[in-house]
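S.K.: I am attaching a structure below and will ask some questions about it afterwards.
Just so it is clear, none of the values below were taken in a lab; they were calculated from the coordinates. Predicted, not measured: the structure shown is a model, and the values here were computed from it. A quick note on method: Cβ atoms are made from the backbone with ideal geometry, for glycine too, and the neighbour counts reach across all protein chains shown.
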Amino acid sequence: MKYIKKFSTIATATGLGALLATGMTGCGDNNQPQQEQAQAKGATVIIEETEPGKYKILDESPADETTIVLKKLDGTKQILTKSEMDALVKEEAAKVDNGTSELTKANPAASGGMGLGGTIMASMAGAMLGSYIGNKLFGNQNYQNNRKASYKSPSTYSKSKKSFSQPRKSTSSKRSGFFGGNKKSSSSRSSGRSSYGG
Amino acid sequence: MLTLQKTTALDTDYLESLGFVWHTDSDETSYISDELVVISETEAEAYYEATNELYDMYVEAAEHVIENNLFHEIGIPFNLVDVIKESWESDVHWHLYGRFDLAGGIDNKPIKLLEFNADTPTALFETAIIQWAMLKQNDLEEESQFNSLYEALIDNFKRLVTLQEDVSNFEEVYDGWSFLFTSVKGNAEEENTVKLLQHIATEAGYNTEFAYIDDIEFSSEDGIFYNEQNYELWFKLIPWEDIALEESDLAMLLTNIIKSQKAIIFNPAYTLLFQSKGLLKILWDLYPNHPLLLETSFEVLEGQKQVKKPIFGREGENISILDENANSIEKTEGDYDSHKMVYQAYTELATDSKGLSYQAGIFYAYEACGLGFRKGGKILDNMSKFVGHIVK
């Protein structure tokens with residue numbers, strides 16, 4: 001069988017020892033100055049109240065921070081605070097868990113839109129805010145359908161989707177510093193051996 | 001009882017000269033056993049056949065997951081679904097290498113799949129180099145090993161551009177693309193494993209460079225950069241699920257980079273499907289009662305001894321052995337407690353006279369190409385020892 005071989009040739013021929021010796025490292029300290037963490041990616045979302053208690057996404061675009069602007073039926077505008085957003089997302093997450101969220105229903109009763117929590121979750125921003133429940137939602141076909149339905153017009157949905165999958169022109173500079181000093185590595189392990197592949 | 005052959009251990013200065021600096025465990029015992037597992041040519045052949053068959057089954061199972069949108073079911077982070085699909089669609093996202101962990105295969109025990117480390121496999125150095133050096137040092141060079149891992153990787157590196165079994169036209173089709181190799185800072189084992197791969201790629205004919213992950217620049221529009229130079233090919237010994245969960249911006253950037261075809265990343269994102277132990281359940285659904293498989297479920301198995309393990313656990317953490325009534329007999333602690341779990345039917349590992357358990361690790365790079373063993377307690381963790389082998 002060709003896979004069982006005598007190995008008298010390999011390592012001697014490759015100069016492996018020399019290369020690896022020059023590349024050798026100790027279990028080094030890792031106190032590199034931490035690079036500045038990049039801003040979290042977010043979105044600006046404009047949500048419109050279409051009838052009392054029902055909402056649709058009017059527009060959405062990528063931004064460094066998440067801002068949700070609510071246009072109410074009476075014409076007033078309100079910007080949701082971070083804690084308001086978190087509370088709504090959390091509430092909706094609980095509904096997803098117990099199966100009462102409109103997001104995961106086959107045919108949400110309301111044609112005029114979903115409740116505010118559901119609408120936010122249907123937006124790209126919601127998917128980011130609530131990433132801990134994102135998995136549940138993204139595997140759910142009803143959610144995908146309802147997401148589309150939550151946008152005021154189909155073009156808003158495809159535009160939003162597109163702008164998020166496109167590279168962001170506004171920040172075309174390169175990003176670096178990932179896992180800078182934060183990566184769980186074997187320095188926390190007893191053996192100093194790799195944390196992978198085992 | 002399996003057969004072992006005693007050898008003279010490699011001395012640590014020699015190991016260090018090779019770059020193999022992780023030779024001693026924290027309890028001051030050697031990580032490399034001075035014994036070799038003795039196997040027959042028939043047993044080696046059986047490992048080879050089983051591994052190739054399992055890989056084909058994994059490909060079928062992954063296709064099933066993608067077609068039926070079962071990403072969530074097997075625990076794939078949603079922000080990797082796009083890049084997984086994208087990588088699955090095109091041959092340029094070639095799987096460089098992985099390692100199957102198998103029970104049995106020696107001591108008259110049947111071969112059973114335990115799991116597939118498809119994304120970031122280690123034990124490469126031990127398998128490819130160290131166990132070979134043990135033969136040589138002990139004047140056993142007339143003997144053989146199931147170990148063409150080094151050469152198989154040279155060929156498979158070439159296939160990243162030839163995209164076919166035959167690699168003879170590599171020089172013709174390779175257009176000088178630069179290949180960057182990456183690990184995190186501060187882990188000598190990971191760094192030198194990556195440097196070994198870089199060395200093999202260089203020998204295959206690539207222009208290569210090494211950089212730590214936090215020194216690399218990523219741009220959706222322009223690709224991957226280190227020291228102002230662009231790299232079209234990138235190998236990272238960093239699990240995809242860590243990128244998804246700890247650096248979600250990086251996951252997004254890499255998705256964009258792959259979509260805009262600015263770089264190709266190894267191992268490809270779809271290897272996370274193979275890596276998920278949720279796929280063991282999908283395999284059992286598709287190939288029920290297959291002789292190489294152990295029954296696996298997302299729920300406790302009725303009336304049989306079983307092993308409960310986290311979908312993305314590593315190093316034997318958070319693993320429990322449960323008896324027929326699902327009571328825990330033995331378990332390990334760890335960081336993966338909150339992960340989704342699978343329940344896999346228990347199988348006996350081969351044991352030696354001291355009662356230590358042996359598990360086979362078989363590397364796959366286009367085909368099965370190298371065997372090594374690990375020994376330890378019933379649950380093999382990061383204190384387990386590497387054991388080389390010899391074919392007689």
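S.K.: If you average 1/r across every pair of different Cα atoms in the range B:42-194 and take the reciprocal, what Kirkwood value do you get, in Å?
M.R.: Computed over Cα pairs of the range B:42-194, the Kirkwood hydrodynamic radius comes out at 18.5 Å.
S.K.: Quote the FRET efficiency, to the nearest 0.05, computed for B:Asn227 versus B:Leu286 with a Förster distance R0 of 35 Å and r equal to the Cβ-Cβ distance.
M.R.: 0.15
S.K.: Wrap a convex hull around the Cα atoms of the range B:336-391, take a quarter of its surface area, and give that in square nanometres.
M.R.: For the Cα atoms of the range B:336-391, the hull's average projected area reads 6.0 nm².
S.K.: Once the cut-off is 19 Å, how many percent of the Cα-Cα pairs in the range B:105-222 end up in the long-distance tail?
M.R.: 62 percent
S.K.: Considering only DSSP beta bridges whose two residues both sit in chain B, what percent are antiparallel, to the nearest 5?
M.R.: 75 percent
S.K.: Other chains' Cβ within 10 Å of B:144-150 residues: what's the mean?
M.R.: Averaged over the peptide's residues, the number is 5.
S.K.: Same structure again: Can you bin the range B:278-371 into rounded, prolate or oblate? Criterion: square roots of the alpha carbon gyration tensor eigenvalues sorted a ≥ b ≥ c, rounded for a/c under 1.5, prolate for a/b above b/c, oblate for the rest.
M.R.: rounded
S.K.: How large are Rg and Dmax for chain B when calculated on the C-alpha trace, in angstrom?
M.R.: 20.5, 61
S.K.: Note down, for the range B:210-354, the three equivalent ellipsoid semi-axes (square root of 5 times each alpha carbon gyration tensor eigenvalue), biggest first, whole angstrom. If you can, show how the numbers build up before the last one.
M.R.: Numbers: eigenvalues 297, 53, 38 Å².
Largest first, the range B:210-354 gives 39, 16, 14 Å.
S.K.: With an 8 Å cut-off on Cα pairs and a minimum separation of 6 or more residues, tell me the relative contact order of the range B:239-377 in percent.
M.R.: 16 percent
S.K.: Here is a further query. What whole-number distance in Å separates the alpha-carbon centres of the range B:210-271 and the range B:328-379?
M.R.: What the calculation gives is 31 Å, centre to centre.
S.K.: Step by step: find N for the range B:190-266, compute 2.2 N^0.38 Å, then divide the Cα radius of gyration by it. What's the final number?
M.R.: Dividing the Cα Rg of the range B:190-266 by 2.2 N^0.38 Å gives 1.09.
S.K.: Which order do B:His389, B:His199 fall in if you start with the one that has the fewest other Cβ atoms within 10 Å? Let's see the in-between values first.
M.R.: Working: B:His389 28, B:His199 24.
Taking fewest neighbouring Cβ atoms as first place, the list is B:His199, B:His389.
S.K.: Can you give the mean number of other chain Cβ atoms that lie within 10 Å of the Cβ atoms in peptide B:245-257?
M.R.: Per-residue shielding by partner chains comes out at 4.
S.K.: Would you mind computing the Rg to Rh ratio of the range B:61-111 from its alpha-carbon coordinates, Kirkwood style for Rh?
M.R.: 1.14
S.K.: Taking H placed 1.01 Å from N in the peptide plane, check which residues at least 5 places from B:His389 or on another chain put their amide H under 5 Å from its amide H.
M.R.: B:Val37
S.K.: Under the definition of partner shielding as Cβ atoms of other protein chains within 10 Å of a residue Cβ, what is the mean value for peptide B:14-25?
M.R.: The mean count of partner-chain Cβ atoms within 10 Å per residue comes to 4.
S.K.: When B:Glu190, B:Glu41 are ordered from fewest to most other Cβ atoms inside 10 Å of their Cβ, what list results? Before the final figure, lay out each step's value.
M.R.: Numbers: B:Glu190 27, B:Glu41 13.
Going from least to most buried by this count: B:Glu41, B:Glu190.
S.K.: Which of the peptides B:228-235, B:283-290, B:117-124 is most tightly packed, and how do the rest follow, going by the mean number of other Cβ atoms within 10 Å of each residue?
M.R.: Details: B:228-235: 18.0, B:283-290: 14.6, B:117-124: 25.5.
Highest mean packing first, the order is B:117-124, B:228-235, B:283-290.
S.K.: Based only on other Cβ atoms within 10 Å, what is the fewest-to-most ordering of B:Met383, A:Met85?
M.R.: Working: B:Met383 17, A:Met85 20.
The fewest-first ordering by Cβ neighbours comes to B:Met383, A:Met85.
S.K.: Explain nothing, just the number: relative contact order of chain B, from Cα pairs under 8 Å at least 6 residues apart, as a whole percent.
M.R.: Value for chain B: 25 percent.
S.K.: Could you check what % of the DSSP bridge pairs in the range B:149-247 are antiparallel, to the nearest 5?
M.R.: Values: 6 of 16 bridges.
Of the beta bridges lying entirely in the range B:149-247, close to 40 percent run antiparallel.
S.K.: Straight-line reach from B:Lys6: which aspartates and glutamates have Cα under 16 Å away, leaving out those fewer than 8 places along the same chain?
M.R.: Counting by Cα, and skipping residues close in sequence, B:Lys6 has these aspartates and glutamates nearby: B:Asp34, B:Glu35, B:Asp139, B:Glu141, B:Glu143, B:Asp352.
S.K.: With a length cut of 27 Å (Cα positions projected on each helix's long axis) and a Kyte-Doolittle mean of at least -0.5, go through chain B and give me the DSSP H helices that pass.
M.R.: none
S.K.: State the extension gain, in nm to one decimal, for the chain segment bounded by B:Thr29 and B:Glu49, taking 0.36 nm per residue of separation less the distance between their alpha-carbons. Could the numbers behind the result be given before it?
M.R.: Numbers: separation 20, 0.36 × 20 = 7.20 nm, distance 3.47 nm.
The span from B:Thr29 to B:Glu49 would gain 3.7 nm if fully extended.
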